[in-house]
Amino acid sequence: EICLTASSIFILSQGELEVLAWDDSATFFDGTSPKPPVNATNVDTLHAVRMGQAKKVPPPPSMLVLEQKEAMPDASLFPVGVVGIDWIAHYVTHHPNLHDDDIIVYTDAWDVVIQTDMSAVGSILRRMTGGQRGLLFNSEPSCGDSFELPGEYGEYLRSASFDVHLSVADKHVRSVTGRDICRQMLIKSSMHSAMGGPNWSLGSGGIVGDVWTFRQFMARVVQVTTEQIERARADPTVPVFEGDQISFQLAYLRSPELNVLVDTRSEVFLVTSFMTLPGAVDHYDIDHGCSATSFFRGGVPSKLRWFNHTPMILHFPGDYKHLYDRCADNVKAVLKAAAPGKFMWDVDRNTSIPVHDVCYDYT
């Protein structure tokens, strides 16, 4: 799947995919390493936790930066001695080639199909943020990756309380139980994002933003994660967060000073959900997947007919992963043999990697 993503960026956007980490990566690009997990009975399993989104739990999945280009805030923003220093946080904090005004497109999702040129993503971001700095997250149909989970862990989240601060105009930070957090996210999305569907809840699998805001937000995400680990250290009955999407969601709910939006209209990321009904997207629906004969035919992307625009990235999470191959195969058929010499960039090792070295059938 990484070869399809790299080929799409190389051919459709005349750019290069940057791979932040591979499954076996042990060090960052600068030779430093993630910190080991804290030594507490209920935290020792952190390495093994892979539920939900897991960008913070080493060993990492392959982390992808689709577009990138100052020196950094104080590294003390990112606590040490907790989980590992997050790969994306370390990248945006320390990479010398990044500048405050650069735009990053990030995904840790393997089940994505890029169907169009992404070079206009900065213009889309500026329009959606009103010309200001900001972040745009992919939208999902629910916050079920965390507060709606079944079982003991889900019950803990629903019974626990979390800080919520939705607006700078409201000076009060409120303590809200987990049972109401999903509604708080819906309120926040309706306050700050152009609602209209098909989805509304913040998902951390796809992010677009300027480097300065990305750094600030990641500091808050790491802080949220650290606070929960400290609770787990103090009380053996308290679990650490499973995956990191919940940390992104809670940081979203308590950072009104940052311009953080959710891509509710799927202008960049279209996340397949029960709302993706027949007729919503050209040549695609959740009952049949992508049309084998017409999806991406001649390299033409599909439009979201609700708004008559073309989502850049199609994502097939959860119960819809089985639809990925049918859509991806059509794009592969167009891109695999095109543009000999296509490559991706290995950030860890600071070197280019020919796509065909990873996937031999991409010639």
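Where a number appears in this text, it was derived from the coordinates with a stated rule and is not lab data. All figures in this text were calculated on a predicted structure; none of them were measured in a lab. Using ideal geometry, Cβ is built from the backbone for each residue, glycine included, and neighbour counts are taken over all protein chains shown.
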Report task. Starting from the Cα coordinates of region 177-299, work out the convex hull volume and express it per residue in Å³. Result -> 151 Å³
Report summary line: Whole-Hz Karplus couplings 3J(HN,Hα) for region 263-273, θ = phi - 60° and coefficients 6.51, -1.76, 1.60, Gly and Pro as x, run 7, 5, 9, 6, 6, 9, 10, 9, 8, 4, 8
Report summary line: Using alpha-carbon coordinates alone, the radius of gyration and Dmax of region 182-228 in Å work out to 12.6, 34
Report summary line: Residues whose modelled amide H sits under 5 Å from the amide H of Ser33, counting only those 5 or more places away in sequence or on another chain, are Phe28
Query - Residue order, fewest to most surrounding Cβ atoms within 10 angstrom, among Lys332, Lys188 - result: Lys332, Lys188
Report task. Enumerate the amide H contacts of Ala21 below 5 Å, restricted to partners 5 or more residues apart or on another chain; note that Pro and chain-start residues carry no placed amide H. Result -> Met63
Report summary line: With x for Gly and Pro, the residue-by-residue ³J(HN,Hα) of region 327-339, computed from phi through the Karplus equation 6.51 cos²θ - 1.76 cosθ + 1.60 at θ = phi - 60° and given in whole Hz, is 6, 5, 4, 5, 6, 4, 4, 7, 9, 4, 8, 7, 6
Query raised in the report: Roughly how compact is region 81-174, stated as its Cα Rg over 2.2 N^0.38 Å to two decimals?
Result: 1.44
Query raised in the report: Scattering from the C-alpha atoms of region 253-363 alone, worked out with Debye: what is log10 I(q)/I(0) at q = 0.14, 0.20, 0.24 1/Å?
Result: -0.74, -1.07, -1.24
Report summary line: proj_area_mean for region 207-278 (convex hull on C-alpha atoms), units nm², value 6.6 nm²
Query raised in the report: Taking the Cα-to-Cβ direction at Asp100 and at Arg174 and moving 7 Å from each Cα, how far apart do the two end points lie in nm?
Result: 3.4 nm
Query raised in the report: Mind checking the dipole of the chain: about its Cα centre, +1 per Lys or Arg Cβ, -1 per Asp or Glu Cβ, Debye to the nearest 20?
Result: 780 debye
Query raised in the report: Each residue of region 236-249 in order: what ³J(HN,Hα) in whole Hz does its phi give by Karplus 6.51 cos²θ - 1.76 cosθ + 1.60, θ = phi - 60°, with x for Gly and Pro?
Result: x, 8, 8, x, 6, 5, 8, x, 10, 4, 4, 5, 5, 5
Query - Bridge type composition, region 217-342 - antiparallel percent by DSSP, nearest 5 - result: 60 percent
Report summary line: Once amide hydrogens are built 1.01 Å from N within the peptide plane, the residues lying 5 or more places from Val281 or on another chain with amide H under 5 Å from its amide H are Arg305
Query raised in the report: In nanometres, what is the gap between the two model label sites at His356 and Glu230, each 7 Å from Cα along Cα-to-Cβ?
Result: 5.4 nm
Report task. First obtain the Kirkwood hydrodynamic radius of the chain from its Cα pairs, then insert it into the Stokes-Einstein equation at 20 °C and 1.002 mPa s, and state the resulting D in µm² per second as a whole number. Result -> 103 µm²/s
Query raised in the report: How far is it, in nm, from the label point at Val300 to the one at Ser33 when both lie 7 Å from their Cα along the line to the Cβ?
Result: 5.4 nm
Requested in this report: List the residues of region 201-236 whose backbone N lies under 13 Å from a point placed 7 Å from the Cα of Ser161 along the Cα-to-Cβ direction.
Outcome: none
Report summary line: Expressed in angstrom and ordered largest first, the alpha-carbon extents of region 94-238 along the principal axes are 47, 38, 37
Query raised in the report: When the dipole is taken about the Cα centre of region 197-298, and only Lys, Arg (+1) and Asp, Glu (-1) are charged at their Cβ, what size is it in debye, to the nearest 20?
Result: 160 debye
